[in-house]
Amino acid sequence: FAEIIPQIGADPDEINSLEANVEFFPDRPDLLSTEGVARALRAFTEQKLGLVEYEVKAPTTQMFISSEVMQVRPCITSGIVRGITLDNNAIKSLMELQEKLHITLGRKRKKVSIGIHDLSKIEGPFNYDLCSPHEPAFIPLQKDYEMTPQEILEEHPKGIEYAHLLSEFNKYPIIKDSNDEVVSLPPIINGALTTVTEDTTDVLIDVTGLDENAVESCLNIVAAALVERGGNIEQIELKFPSENKITPSMKPTIHKIENDYLIKLLGFDPGQFVIFKAFRKCGMEPELNEDTWTVKVPSYRADILHPIDLLEEV
(Lines give C-alpha, C1' and ligand atoms only; values in the text may rest on other atoms or scores of the structure.)
Protein backbone atom coordinates (compact mmCIF):
# COMPACT_ATOMS: atom_id res chain seq x y z
CA PHE A 1 0.00 0.00 0.00
CA ALA A 2 2.82 2.39 0.94
CA GLU A 3 4.48 1.70 -2.43
CA ILE A 4 1.34 2.04 -4.58
CA ILE A 5 -0.13 5.21 -3.02
CA PRO A 6 2.65 7.57 -4.26
CA GLN A 7 2.22 6.10 -7.76
CA ILE A 8 -1.33 7.44 -7.91
CA GLY A 9 -0.03 10.88 -6.97
CA ALA A 10 -0.63 10.84 -3.21
CA ASP A 11 1.56 11.23 -0.17
CA PRO A 12 1.40 8.55 2.54
CA ASP A 13 1.74 10.23 5.91
CA GLU A 14 1.49 7.32 8.31
CA ILE A 15 0.40 3.75 7.68
CA ASN A 16 -0.14 1.25 10.50
CA SER A 17 -2.14 -1.94 10.99
CA LEU A 18 -5.33 -0.01 11.83
CA GLU A 19 -5.39 2.94 9.45
CA ALA A 20 -3.57 4.92 6.81
CA ASN A 21 -3.25 8.70 6.77
CA VAL A 22 -2.75 9.78 3.18
CA GLU A 23 -2.58 13.26 1.71
CA PHE A 24 -4.34 13.67 -1.64
CA PHE A 25 -4.13 16.67 -3.93
CA PRO A 26 -7.18 18.94 -3.92
CA ASP A 27 -7.68 18.34 -7.66
CA ARG A 28 -8.80 14.75 -6.96
CA PRO A 29 -12.00 15.07 -4.89
CA ASP A 30 -12.98 11.55 -6.00
CA LEU A 31 -10.13 10.22 -3.79
CA LEU A 32 -11.43 11.91 -0.63
CA SER A 33 -13.15 8.71 0.54
CA THR A 34 -12.07 5.17 1.35
CA GLU A 35 -14.40 3.99 -1.42
CA GLY A 36 -12.79 6.28 -3.99
CA VAL A 37 -9.28 5.13 -3.07
CA ALA A 38 -10.33 1.46 -3.26
CA ARG A 39 -11.84 2.02 -6.72
CA ALA A 40 -8.72 3.84 -7.99
CA LEU A 41 -6.37 1.15 -6.63
CA ARG A 42 -8.48 -1.63 -8.13
CA ALA A 43 -7.86 -0.20 -11.61
CA PHE A 44 -4.27 0.85 -10.96
CA THR A 45 -3.19 -2.55 -9.65
CA GLU A 46 -4.95 -4.18 -12.64
CA GLN A 47 -7.58 -6.01 -10.56
CA LYS A 48 -10.20 -4.31 -12.71
CA LEU A 49 -8.94 -2.21 -15.61
CA GLY A 50 -10.92 0.43 -17.47
CA LEU A 51 -14.12 2.32 -16.98
CA VAL A 52 -16.70 1.49 -14.31
CA GLU A 53 -20.10 1.56 -16.01
CA TYR A 54 -22.84 2.85 -13.73
CA GLU A 55 -26.37 1.57 -14.21
CA VAL A 56 -29.01 4.08 -13.23
CA LYS A 57 -32.63 3.21 -12.63
CA ALA A 58 -35.46 5.42 -13.86
CA PRO A 59 -36.97 7.89 -11.39
CA THR A 60 -39.83 6.85 -9.11
CA THR A 61 -40.20 10.27 -7.45
CA GLN A 62 -39.78 13.98 -8.12
CA MET A 63 -38.48 17.16 -6.58
CA PHE A 64 -40.27 20.44 -7.26
CA ILE A 65 -38.10 23.58 -7.35
CA SER A 66 -39.74 26.98 -6.83
CA SER A 67 -38.78 30.06 -8.86
CA GLU A 68 -38.20 31.98 -5.58
CA VAL A 69 -35.44 29.67 -4.33
CA MET A 70 -33.65 30.09 -7.68
CA GLN A 71 -32.93 33.69 -6.65
CA VAL A 72 -31.12 32.57 -3.47
CA ARG A 73 -29.40 29.23 -4.17
CA PRO A 74 -30.17 28.42 -7.79
CA CYS A 75 -28.38 25.13 -8.46
CA ILE A 76 -29.76 21.84 -7.20
CA THR A 77 -29.34 18.22 -8.14
CA SER A 78 -30.44 15.06 -6.41
CA GLY A 79 -30.44 11.27 -6.55
CA ILE A 80 -31.28 8.12 -4.62
CA VAL A 81 -29.02 5.17 -3.85
CA ARG A 82 -30.74 1.98 -2.69
CA GLY A 83 -29.47 -1.24 -1.15
CA ILE A 84 -26.32 0.02 0.58
CA THR A 85 -24.71 -1.72 3.56
CA LEU A 86 -23.30 0.65 6.17
CA ASP A 87 -21.28 0.04 9.29
CA ASN A 88 -19.69 2.60 11.58
CA ASN A 89 -16.59 2.91 9.36
CA ALA A 90 -18.70 3.37 6.23
CA ILE A 91 -20.75 6.14 7.88
CA LYS A 92 -17.57 7.84 9.07
CA SER A 93 -16.09 7.64 5.56
CA LEU A 94 -19.29 9.07 4.07
CA MET A 95 -19.40 12.01 6.51
CA GLU A 96 -15.72 12.73 5.92
CA LEU A 97 -16.27 12.70 2.16
CA GLN A 98 -19.17 15.12 2.58
CA GLU A 99 -17.12 17.52 4.72
CA LYS A 100 -14.05 17.36 2.47
CA LEU A 101 -16.16 18.06 -0.61
CA HIS A 102 -17.66 21.04 1.27
CA ILE A 103 -14.16 22.41 1.86
CA THR A 104 -12.66 21.70 -1.60
CA LEU A 105 -15.18 21.79 -4.46
CA GLY A 106 -17.73 23.47 -2.19
CA ARG A 107 -15.54 26.43 -1.12
CA LYS A 108 -16.64 26.03 2.51
CA ARG A 109 -20.27 25.33 1.48
CA LYS A 110 -20.67 28.57 -0.47
CA LYS A 111 -20.40 26.96 -3.89
CA VAL A 112 -21.77 23.52 -2.91
CA SER A 113 -23.43 21.89 0.11
CA ILE A 114 -24.43 18.24 0.32
CA GLY A 115 -27.14 16.46 2.29
CA ILE A 116 -27.27 12.66 2.70
CA HIS A 117 -30.51 11.37 4.21
CA ASP A 118 -32.13 8.11 5.35
CA LEU A 119 -34.87 7.74 2.73
CA SER A 120 -37.01 5.43 4.89
CA LYS A 121 -37.89 8.37 7.18
CA ILE A 122 -39.28 10.62 4.42
CA GLU A 123 -41.64 10.37 1.48
CA GLY A 124 -41.43 11.90 -1.98
CA PRO A 125 -42.18 13.96 -3.93
CA PHE A 126 -39.88 16.58 -2.40
CA ASN A 127 -39.96 20.37 -2.51
CA TYR A 128 -37.06 22.84 -2.69
CA ASP A 129 -38.40 26.25 -1.74
CA LEU A 130 -37.85 29.26 0.54
CA CYS A 131 -39.00 29.49 4.16
CA SER A 132 -39.36 32.38 6.59
CA PRO A 133 -36.78 32.81 9.41
CA HIS A 134 -39.49 31.90 11.96
CA GLU A 135 -40.96 28.72 10.51
CA PRO A 136 -40.94 25.79 10.10
CA ALA A 137 -39.40 24.72 13.41
CA PHE A 138 -37.66 21.34 13.19
CA ILE A 139 -35.09 19.30 15.10
CA PRO A 140 -31.67 19.90 13.48
CA LEU A 141 -28.75 17.47 13.63
CA GLN A 142 -26.91 17.35 16.99
CA LYS A 143 -29.97 18.67 18.89
CA ASP A 144 -32.99 16.98 20.46
CA TYR A 145 -35.43 19.90 20.36
CA GLU A 146 -37.04 21.99 17.65
CA MET A 147 -35.47 25.23 16.47
CA THR A 148 -36.63 27.80 13.92
CA PRO A 149 -34.30 28.63 10.98
CA GLN A 150 -33.41 31.92 12.71
CA GLU A 151 -32.58 30.16 16.00
CA ILE A 152 -30.39 27.69 14.11
CA LEU A 153 -28.42 30.54 12.48
CA GLU A 154 -27.98 32.34 15.81
CA GLU A 155 -27.53 29.48 18.31
CA HIS A 156 -26.58 26.19 16.61
CA PRO A 157 -22.77 25.69 16.12
CA LYS A 158 -23.21 24.92 12.40
CA GLY A 159 -25.65 27.81 12.05
CA ILE A 160 -23.20 30.24 13.62
CA GLU A 161 -20.37 28.92 11.40
CA TYR A 162 -22.28 29.25 8.11
CA ALA A 163 -24.86 32.01 8.83
CA HIS A 164 -22.83 34.45 6.69
CA LEU A 165 -23.82 32.47 3.57
CA LEU A 166 -27.45 33.53 4.06
CA SER A 167 -26.89 36.92 5.71
CA GLU A 168 -28.08 38.96 2.70
CA PHE A 169 -31.42 37.11 2.44
CA ASN A 170 -34.62 37.43 4.48
CA LYS A 171 -35.86 33.97 3.40
CA TYR A 172 -33.87 30.73 3.42
CA PRO A 173 -33.68 27.62 1.18
CA ILE A 174 -35.43 24.54 2.55
CA ILE A 175 -36.08 20.99 1.35
CA LYS A 176 -39.22 19.23 2.59
CA ASP A 177 -40.92 15.93 1.83
CA SER A 178 -44.56 15.38 0.83
CA ASN A 179 -45.63 15.34 4.51
CA ASP A 180 -43.97 18.71 5.15
CA GLU A 181 -41.15 17.08 7.14
CA VAL A 182 -37.96 19.16 6.93
CA VAL A 183 -35.20 17.23 5.18
CA SER A 184 -32.61 19.99 5.04
CA LEU A 185 -31.92 23.71 5.49
CA PRO A 186 -29.16 24.12 2.90
CA PRO A 187 -26.35 25.11 3.12
CA ILE A 188 -26.55 25.03 6.94
CA ILE A 189 -27.79 21.73 8.36
CA ASN A 190 -29.93 18.63 7.85
CA GLY A 191 -32.92 17.64 9.92
CA ALA A 192 -32.21 15.05 12.67
CA LEU A 193 -35.10 12.96 11.34
CA THR A 194 -33.09 11.70 8.34
CA THR A 195 -29.82 10.89 10.17
CA VAL A 196 -27.97 8.05 8.43
CA THR A 197 -27.38 5.05 10.74
CA GLU A 198 -26.13 1.45 10.40
CA ASP A 199 -29.75 0.45 9.68
CA THR A 200 -29.99 2.79 6.69
CA THR A 201 -30.21 0.96 3.34
CA ASP A 202 -31.61 3.66 1.01
CA VAL A 203 -30.44 7.27 0.90
CA LEU A 204 -31.54 10.51 -0.69
CA ILE A 205 -28.69 12.81 -1.73
CA ASP A 206 -29.34 16.50 -2.29
CA VAL A 207 -26.68 18.89 -3.55
CA THR A 208 -27.37 22.63 -3.72
CA GLY A 209 -25.14 25.55 -4.59
CA LEU A 210 -24.12 28.36 -6.90
CA ASP A 211 -22.13 26.45 -9.54
CA GLU A 212 -23.86 23.90 -11.79
CA ASN A 213 -20.71 21.88 -12.64
CA ALA A 214 -19.48 21.67 -9.04
CA VAL A 215 -22.95 20.65 -7.81
CA GLU A 216 -23.18 17.89 -10.45
CA SER A 217 -19.64 16.63 -9.74
CA CYS A 218 -20.36 16.32 -6.00
CA LEU A 219 -23.51 14.28 -6.63
CA ASN A 220 -21.61 11.94 -8.99
CA ILE A 221 -18.75 11.49 -6.48
CA VAL A 222 -21.07 10.68 -3.55
CA ALA A 223 -23.30 8.38 -5.64
CA ALA A 224 -20.27 6.51 -7.04
CA ALA A 225 -18.84 6.07 -3.53
CA LEU A 226 -22.14 4.52 -2.35
CA VAL A 227 -22.14 2.09 -5.29
CA GLU A 228 -18.89 0.73 -3.76
CA ARG A 229 -21.02 -0.03 -0.67
CA GLY A 230 -23.33 -2.22 -2.76
CA GLY A 231 -25.79 0.50 -3.75
CA ASN A 232 -27.88 0.95 -6.90
CA ILE A 233 -28.42 4.47 -8.22
CA GLU A 234 -31.95 5.66 -8.89
CA GLN A 235 -32.61 8.96 -10.60
CA ILE A 236 -34.92 11.75 -9.48
CA GLU A 237 -36.96 13.96 -11.78
CA LEU A 238 -36.26 17.61 -10.95
CA LYS A 239 -39.13 19.88 -11.91
CA PHE A 240 -37.78 23.41 -12.38
CA PRO A 241 -40.11 26.31 -13.24
CA SER A 242 -38.97 26.28 -16.86
CA GLU A 243 -37.65 22.74 -17.48
CA ASN A 244 -37.42 19.19 -16.18
CA LYS A 245 -34.13 17.39 -15.52
CA ILE A 246 -33.41 13.79 -14.59
CA THR A 247 -30.37 13.32 -12.35
CA PRO A 248 -27.80 11.88 -11.90
CA SER A 249 -26.88 10.66 -15.38
CA MET A 250 -23.50 9.07 -14.40
CA LYS A 251 -22.57 8.98 -18.10
CA PRO A 252 -18.84 9.21 -18.86
CA THR A 253 -17.56 12.38 -20.52
CA ILE A 254 -15.52 12.23 -23.73
CA HIS A 255 -12.12 13.93 -23.93
CA LYS A 256 -9.56 13.94 -26.76
CA ILE A 257 -5.80 14.30 -27.10
CA GLU A 258 -3.58 14.09 -30.20
CA ASN A 259 -1.13 11.18 -30.00
CA ASP A 260 1.78 13.35 -31.27
CA TYR A 261 1.05 16.02 -28.64
CA LEU A 262 0.91 13.34 -25.93
CA ILE A 263 4.25 11.80 -26.98
CA LYS A 264 5.91 15.20 -27.33
CA LEU A 265 4.92 16.22 -23.80
CA LEU A 266 5.82 12.80 -22.35
CA GLY A 267 9.31 13.21 -23.83
CA PHE A 268 9.38 9.70 -25.31
CA ASP A 269 7.16 7.29 -27.21
CA PRO A 270 6.17 4.32 -25.01
CA GLY A 271 4.06 2.83 -27.83
CA GLN A 272 0.31 2.70 -28.36
CA PHE A 273 -0.34 -0.35 -26.18
CA VAL A 274 1.41 1.15 -23.15
CA ILE A 275 -0.58 4.40 -23.51
CA PHE A 276 -3.81 2.41 -23.99
CA LYS A 277 -3.15 0.40 -20.82
CA ALA A 278 -2.09 3.51 -18.87
CA PHE A 279 -5.51 5.12 -19.49
CA ARG A 280 -7.25 1.90 -18.41
CA LYS A 281 -5.15 1.76 -15.21
CA CYS A 282 -6.63 5.21 -14.44
CA GLY A 283 -10.18 3.86 -14.78
CA MET A 284 -10.73 5.29 -18.28
CA GLU A 285 -11.65 3.74 -21.64
CA PRO A 286 -9.38 4.92 -24.52
CA GLU A 287 -9.60 4.48 -28.29
CA LEU A 288 -7.06 5.60 -30.92
CA ASN A 289 -8.47 6.82 -34.23
CA GLU A 290 -6.36 8.57 -36.88
CA ASP A 291 -3.73 9.66 -34.38
CA THR A 292 -6.22 11.05 -31.84
CA TRP A 293 -7.02 9.39 -28.52
CA THR A 294 -10.71 9.55 -27.62
CA VAL A 295 -11.02 8.81 -23.91
CA LYS A 296 -14.17 8.03 -21.91
CA VAL A 297 -13.70 9.60 -18.48
CA PRO A 298 -15.89 8.49 -15.53
CA SER A 299 -18.50 10.93 -14.22
CA TYR A 300 -16.85 11.12 -10.77
CA ARG A 301 -13.68 12.69 -12.23
CA ALA A 302 -14.26 16.43 -11.82
CA ASP A 303 -10.63 17.28 -12.62
CA ILE A 304 -10.33 16.34 -16.31
CA LEU A 305 -10.88 19.60 -18.20
CA HIS A 306 -8.14 19.80 -20.85
CA PRO A 307 -5.92 17.47 -22.94
CA ILE A 308 -3.06 18.22 -20.51
CA ASP A 309 -5.07 16.46 -17.77
CA LEU A 310 -5.15 13.31 -19.93
CA LEU A 311 -1.37 13.55 -20.30
CA GLU A 312 -1.05 13.67 -16.50
CA GLU A 313 -3.04 10.45 -16.22
CA VAL A 314 -0.69 8.67 -18.64
- line: Note, Glu123: beta-carbon cut-off 11 Å, +1 each Lys/Arg, -1 each Asp/Glu, net -1
Folded to 0 to 90 degrees: helix 212-227 orientation relative to the chain principal axis, Cα: 80 degrees
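Considering only protein heavy atoms and a 1.4 Å probe, what is the carbon-and-sulfur percentage of the accessible area of region 167-314? Present the calculation step by step, with values, prior to reporting the outcome.
On the way: 3050 of 6660 Å².
In region 167-314, the share of accessible area belonging to carbon and sulfur is 46 percent.
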- prompt: What residue among Glu151, Glu23, Glu168 has the largest mean-square fluctuation in a Gaussian network model of the chain, using Cα springs under 10 Å?
  reply: Glu168
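Once you keep just the Cα pairs under 8 angstrom separated by 6 or more residues, what percentage relative contact order results for region 29-123? Let's see the in-between values first.
Working: 32 pairs, mean separation 31.7, N = 95.
Relative contact order comes out at 33 percent.
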- prompt: Angle between the Cα long axis of helix 272-281 and the longest principal axis of the chain, 0 to 90 degrees, nearest 10?
  reply: 30 degrees
- prompt: How much length is gained on full extension from Glu55 to Glu168, taking 0.36 nm per residue of separation minus their Cα-Cα distance?
  reply: 36.6 nm
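Between Thr85 and Phe276, what length comes free when the chain is fully extended (0.36 nm per residue of separation minus the Cα-Cα distance, one decimal in nm)?
Details: separation 191, 0.36 × 191 = 68.76 nm, distance 3.48 nm.
Between Thr85 and Phe276, full extension yields 65.3 nm more.
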- prompt: What value does the chain have for Rg/Rh, both radii from Cα atoms and Rh as Kirkwood defines it?
  reply: 1.00
query: Per residue, how many Å² of accessible area does the chain show with a 1.4 Å probe?
result: 49 Å²
field: Distance-filtered residues of region 98-120 - backbone nitrogen under 14 Å, label point 7 angstrom along Thr197 Cα→Cβ
entry: 118-120
Pairs beyond 26 Å (Cα-Cα), from Lys111/Lys256; Lys111/Lys264; Lys176/Lys239; Lys57/Lys158; Lys110/Lys143: Lys111/Lys256; Lys111/Lys264; Lys57/Lys158
query: Put a dot 7 Å past each Cα toward the Cβ at Lys251 and Thr292; how far apart are the dots in nm?
result: 1.9 nm
Contact order normalised by residue count of the chain, Cα under 8 Å, 6+ apart, percent: 26 percent
task: Round to the nearest 10 and report in Å² the accessible area of Asp87, as given by a 1.4 Å probe over the protein chains' heavy atoms.
output: 70 Å²
query: Which of Leu165, Ala38, Phe268 sits farthest toward the positive end of the charge dipole of the chain, with +1 on the Cβ of Lys and Arg and -1 on the Cβ of Asp and Glu?
result: Phe268
message: If each residue of separation counts as 0.36 nm, what is the full-extension length gain between Glu3 and Arg107 once their alpha-carbon separation is subtracted?
response: 34.3 nm
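The values are calculated or read from the model by the stated rules, or taken from the named source; none is laboratory data. It should be emphasised that the depicted structure is a prediction, and the values quoted were computed from it without experimental measurement. As a convention, Cβ positions derive from the backbone with ideal geometry for all residues, glycine included, and neighbour counts pool all protein chains shown. For accessibility, only protein heavy atoms count, side chains too; no ligands or nucleic acids. Shrake-Rupley method; radii C 1.70, N 1.55, O 1.52, S 1.80 Å.
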